[in-house]
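Inspection log for the structure reproduced underneath, given as structure tokens.
The values are calculated or read from the model by the stated rules, or taken from the named source; none is laboratory data. Predicted model, so just to flag it, every value in this text is computed and none were measured. Glycine also receives a Cβ, built like all others from the backbone with ideal geometry; neighbour counts cover every protein chain displayed. We work out accessible area using only protein heavy atoms, side chains counted, and drop any ligands, DNA or RNA first. Shrake-Rupley method; radii C 1.70, N 1.55, O 1.52, S 1.80 Å.
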Amino acid sequence: MTNIYNNILKSKTENEKLLAILLDPDKIDLDNADILIEKINQSPATHIFIGGSLVETNILDELISKIKEECNLPIVLFPGNPSQISDKADAILFLSLISGRNPDYLIEHQVNAVPILQQTNLEVISTGYILIESGTETAVERVTKTKPLDRNNPEYILQTAQAGEMLGNKLIYLEAGSGAKQAVPIEMIKKVSQNIEIPLIVGGGIIDLQGIQKAYDSGADLVVIGTAFEKDVDFFNK
């Protein structure tokens, strides 16, 4: 499966909204994976993202292979570091944490990932990753040792997104964080989406279908659901 990014661009042009279910390998029991995959197949998801801030299990390859046996959705890696790269996936969000100033997450992990990626056929999608303050300390903040951007300073967040676009990122990802108490503010999504040309991903803190729709209506091109689906695999049936 190739040209995942071109398909995202095409969807943006046609105003077709996309939805990714984010799976954290640390929170998945392979013995029950069939049920999980069945629920994904019944959902409106267009993509599966796999990864986490700190993945400690070694089931990544097996999990992806199992999903591919029963599901045709593109699988995109969402890695916290180079150890989370698998050639079984279709693509990788090549993340740079542009909201933080920790060089490991701005460039060092990316440099270390290059020889690994060169041994795969993964589609590499450069992504500017922006962590937004969400009312609680998230795993991203703890692991990266960076502070999220002030949710009450949308102008600076917009400048950060625009800087990411000018640097050549293909996607901008506004992230409230896993288990966030507050989602990315609607007005912030609007401000960023109206002032960048590249597709906008929004995730974190979205707890219901209304939250997904609000993000879409505000300009998100792709919404990511993680914790809400982890807690309730019938999330999309409600």
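Some values worked out for this structure:
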{"read-out": "Entry for volume of the Cα convex hull per residue in Å³ (calculated from the structure that is shown) out of (i) 162; (ii) 183; (iii) 113", "value": "(iii)"}
{"read-out": "Solvent exposure, largest accessible area first (probe 1.4 Å, DNA, RNA and ligands not counted), of Asp90, Asp61, Asp217", "value": "Asp217, Asp61, Asp90"}
{"read-out": "Met166, Met188, ranked by accessible area, largest first (probe 1.4 Å)", "value": "Met166, Met188"}
{"read-out": "Arg142 accessible area, 1.4 Å probe, all protein chains in place, Å² to nearest 10", "value": "120"}
{"read-out": "Residues with amide H under 5 Å from that of Phe49, placed H, sequence gap 5 or more", "value": "Ile21, Leu22, Leu23, Val76"}
{"read-out": "Where the Cα pairs of segment 188-234 fall when distances are cut into 5 Å bins, in %", "value": "5, 23, 31, 20, 12, 7, 3, 0"}
{"read-out": "Accessible area per residue in Å² at 1.4 Å probe, computed on segment 1-48", "value": "53"}
{"read-out": "Whole-percent carbon and sulfur share, accessible surface of the chain, 1.4 Å", "value": "48"}
{"read-out": "Per-bin percent of Cα-Cα distances, segment 27-111 [5 Å]", "value": "3, 13, 24, 23, 17, 10, 7, 4, 0"}
{"read-out": "Potential lengthening between Gln159 and Arg142 on full extension [0.36 nm per residue; Cα-Cα distance subtracted]", "value": "3.7 nm"}
{"read-out": "Heavy-atom surface of segment 86-238, accessible at 1.4 Å and reported per residue (Å²)", "value": "46"}
{"read-out": "Debye intensity ratio I(q)/I(0), log10, segment 108-211, q values 0.10, 0.11, 0.14 Å⁻¹ (C-alpha model)", "value": "-0.31, -0.37, -0.59"}
{"read-out": "Kirkwood hydrodynamic radius (C-alpha pairs) into Stokes-Einstein, segment 155-237, 4 °C and 1.567 mPa s, D in µm²/s", "value": "100"}
{"read-out": "Part-to-part distance (alpha-carbon centres) for segment 52-115 and segment 168-212, which is given in Å", "value": "20"}
{"read-out": "J(HN,Hα) series, segment 61-78, from Karplus relation 6.51 cos²θ - 1.76 cosθ + 1.60, nearest Hz, glycine and proline x", "value": "4, 5, 4, 5, 4, 5, 4, 5, 5, 10, 9, 9, 6, x, 10, 10, 6, 10"}
{"read-out": "Nitroxide proxy distance, nm - points 7 Å out along Cα→Cβ at Lys181 and Asn112", "value": "3.3"}
